Structure formats: structure tokens, C-alpha cells
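Derivation of every value follows stated rules applied to the coordinates shown; laboratory data play no part. All of these numbers come straight from a predicted model, not from anything done at the bench. As a convention, Cβ positions derive from the backbone with ideal geometry for all residues, glycine included, and neighbour counts pool all protein chains shown.
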Amino acid sequence: MDRCIVLVDAGYLLGAAASLLAGEPSRSRITVDHAALIQGLRERAESETQRPLLRIYWFDGAPDRVPQPEHRRLRVMPRVTVRLGALTRSDGRWAQKGVDAAMHAELTELARNRACSDIVLVTGDGDLLPGMMAAKEHGVAVHLWAVQAADGDYNQSEDLVAEADERRVLDRAWITKAVRPKELTGVCAPPPAPRPEIAAILSAPLPESALAAAAQRAEEEAAPARHADAAPNGREPGEQRVPPGKAVPTPKDLAALRGPGTQAAQHPTSATLRWSSDKGWVERPGGAPEGPEAAALPTLAQLTTAEQRWADREEDITTVGGDPFEVGQVFARRWMTRLPEQHNLQKLSAMYPRIPHRVDGELLRYAARFGLLAHKDDQIDEHDRYAIRAGFWREVDARTAAEHAPAGDRAGD
């Protein structure tokens, strides 16, 4: 058949593009316009082979082979078929499993069935050499495309390059039509406005038991000896302070602060820092339970109709990129828009920085759909959790600020 087929190893293509544009092979360092990338691959394949395109096969890895948002966008594009291998985490790094085997099987099967006259391979893995040789034996012309290497050298197997019928390089000018590096600011979100209740907690002296336990841990870890006669940060000698390495109290320390015989009277109930997770709220011994106002706030699921749920799914597939900060913003925007009583928004804003556990758990479960889970323990990475919640609060702050702005300001006068 006088048609061409393109087989893309997404890990190679996007990893090499990240190395070229951002200086490291992490795909999180680049932003990809998949529609433009697919169109560019199609036009170049038809130009190079002088054959109409039959199909583009996109091979990639995903945790538990569950399609991620980019895969869901790709597989609804015309002439695109997505094949997923496993994505596993080992020693803090992600690795694809089964992608090379799937490409090898597809390559040999297409050639054996004479489904095309030309096959374009966008890969650098030498494991595909037997498949390339088998395709050539079935009369198929094999074109091997490389991504321009950041150091000017090859980023493909030498044997694979030698065996290909035709060789081309996707240079920087071609790559940047669909891929661009992310602008890193060094922080996941702008710092929130200072809150007096949080400052009260962080400046509160810890009880004797917590101080003793912290001192013992410091000695066990061979921390530098403390000078008892020093008065750092303007403190008077003998005044209680948080020991080295203990600048932020733990939940256990905070609970002890509210125990009998402590200085609880000096710190109001509102000055309590609470933690929540994607598995819901867990009461800590000695901690204050969540108030009835927080428990009464509706979840997004309760506010969403069947029609809205379908529209949300389409938006997640087509427009939400999966950046943790962006995910938090999208969730907050939907939740606030669908609130029947806007006074609930003021209640939520007053609870900053803690998101009520029912809403917070739903937020993190929503974020998990975008591949933000660490595969090892099915928990969202700590940095990502901060970014998700920061995006949520940024959107809430923007909404409440707009509602309290004077009419002239809202109109742009």
C-alpha cells in the first residue's frame, strides 16, 4: 500500500525536546501543543515520503496504563492512535515499561501485513533494531527521525541510525513550532498575604516536654551544640524558643500547647494550624475538631449536575494542562461558580489557610486524575500538594477581592 505510517516514542521525542530547549530531559520543563505537534508530524511525513498518511501511532507510558489528559486529547485527534505502556517509579525516577515491546510488535505487524510502503520512526532506542530489520525484509522503507541533540551529538542508537533507509533531524526551529520551555519562577505560587493567627502559632513557645524531646533528637542527630548563654534574635537568656531544626511546630507540638498547664489562654482557638490530606481529615489527639460551618460547606460533587459533569470532563481533556497550580484554580473556579449561597465563600475565606477536609479531600482526588500521584505510595507529592492548594486559594482570593471591589473598579473605571 502506498501510504506512510509514523511511530512516535513520546518519551524520546519529548524528553529530547526538553533537553534541547530546557537543558534537562524532564517533560515537566516544557509545554506541548499536541495539536500543532501532530499536524507538524503529519505534514513532514507526507512531504518526506511522498505518500499520504495512514496513521500516527503515539507510544507513551502512564501509571497503571491509565490515560492521562494529554493521552485523552491525542486519542480523539484524527489519524492518531495511542498505545500505552506502564510508567513505574524506582529510586525517585519514572521509567517506561513495555513501550519498546509495543513499538516493536506494531512495527513488525504493519510490515508483515503490508499496511504501508513507508514507516517513519521517531525514536532513539536500539531495542527496535530487530523490528526495523524485519520491516525492511518485508519491503518497507524505514525513515528514522532524530530530535536535534542539545550537545550537537547523536541521541540515538548508532546501530539504529546505520540500519535506517532514510535519516532526518527535527531541528530546534521545527521543535519550537509546537514545544516551548516553561518559565520557572522558583516558587510554585505567589506567597499568600500574612495571617496573624499563623504568626501567633509559629512564634509561640513550645512546652517543656516538646523542648526536651527536640533537644534529645538534636543530640542524637549530632547537631551543633547550642550556646546556653547566647541570646539569638534578640531573645533574653532563659526565654523559651524553638530549638534548631524546629522552626515550625509539628501537630504534636501544637496539641501539647493546648494541654493542661500550658499557655493556651494566651493563644485563641482560631490560632490552630491543621493538616488535611487526600484521604480526608484525621483528628489528632488534643486538636480542635472541625467546626460545624466547615462541615456544612457543600462539595463540588454535590453542586454539579450530570450535564455539568460531562462538560467538566471535556474541559479537563481539552484545556486543563495538569499543572498543580492550574488544577487548584480550575477546581476552585467551578466550586465558587456553582455555590447557591455566596455567603459560603466568605465562610471559606475566613478558614484560610486550611481547606475544610471534605473539600480538600475532593480537591486532591480531582488532582490525582492528572497523574499527580507518586506511584510508589499513591500519595500526591508534597510540593504538588502545596501548589494545588495555593492555586485554590489564589482563585478564592481573586473572587472575593473582585466582589469587595468598588463598582467603578470592577467596571474598569
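Here is how the numbers come out for the structure above:
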{"quantity": "Relative packing of peptides 69-77, 1-9 - highest average C-beta neighbours within 10 Å first", "calculated": "1-9, 69-77"}
{"quantity": "For the stretch 13-66: relative contact order, % (alpha-carbon pairs under 8 angstrom, 6 or more apart)", "calculated": "17 percent"}
{"quantity": "Sites D159 and K182 - FRET efficiency at Förster radius 35 Å, r taken between beta-carbons, to 0.05", "calculated": "0.55"}
{"quantity": "Extension gain from W310 to R172, taking 0.36 nm per residue of separation minus the Cα-Cα distance", "calculated": "45.8 nm"}
{"quantity": "Where a label projected 7 Å from the Cα of R114 along Cα→Cβ would reach, residues of the stretch 1-28 with amide N under 19 Å", "calculated": "1-5"}
{"quantity": "Computed label-point distance, nm, for sites A301 and R3 using a 7 Å Cα→Cβ extension", "calculated": "4.3 nm"}
{"quantity": "Inter-site label distance for S26 and R338 at 7 Å from Cα along Cβ, in nm", "calculated": "3.3 nm"}
